[in-house]
Amino acid sequence: QVQPVESGGGSVQPGGSLRLSCVFSGSNFLFRSNTVRWYRQAPGKEREWVATITSGGDTNYVDSMKGRFTISRDNAKNTVYLQMNSLKPEDTAVYYCNTKWSQINYWGQGTQVTVSS
């Protein structure tokens, strides 16, 4: 199995920044060959896809994040990052990372991001 672990969440004021990390581990898991995605879920809302990074480093973002957030990866550390700038109250949510391996989707425990004054 694969074990993703998110960290880096917290409480910030509007306009602030956070950098989330997701570390992957697991027997026979080839991290550098996998696509990784970030999702978020706000209270009372369904889970929303927000960003993707492929094994080759190609990225995609939901429209509300473009120009503010950056997804990146460090294969030597088995880690994916989400740099979040110019945060807004609407960004408040639990953020999760995800990857698919052997036809199974693996999720981390999530990390809480709260943006308020």
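Structure summary
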item	result
Check on R32, charged (D, E, K, R) and either open to solvent by less than 40 Å² (accessible area, probe 1.4 Å) or in contact (Cβ under 8 Å) with a residue 60 or more places away in the chain (or both)	no
Selection status of R19, outside any helix (DSSP H, G or I), open to solvent by 70 Å² or more (accessible area, probe 1.4 Å) and modelled with pLDDT of 90 or more	yes
Condition check for Y39: of a type in the set (F, W, Y), under 19 Å from V2 (Cβ atoms) and open to solvent by less than 40 Å² (accessible area, probe 1.4 Å)	no
The range 66-88 - residue that is outside any strand (DSSP E or B) and either of a type in the set (S, T, Y) or under 17 Å from F31 (Cα atoms) (or both) and, of those, most open to solvent (accessible area, probe 1.4 Å)	K77
Flag for Q109 being closer than 18 Å to S7 by Cβ, open to solvent by 40 Å² or more (accessible area, probe 1.4 Å) and either assigned to a strand (DSSP E or B) or free of Cβ contacts under 8 Å to residues at least 60 places away in the same chain (or both)	no
The listed residue being open to solvent by 60 Å² or more (accessible area, probe 1.4 Å) and more than 11 Å from L20 (Cα to Cα), out of D63, D91	D63
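The values are calculated or read from the model by the stated rules, or taken from the named source; none is laboratory data. Computed from a predicted structure; not experimentally measured. Using ideal geometry, Cβ is built from the backbone for each residue, glycine included, and neighbour counts are taken over all protein chains shown. For accessibility, only protein heavy atoms count, side chains too; no ligands or nucleic acids. Shrake-Rupley method; radii C 1.70, N 1.55, O 1.52, S 1.80 Å.
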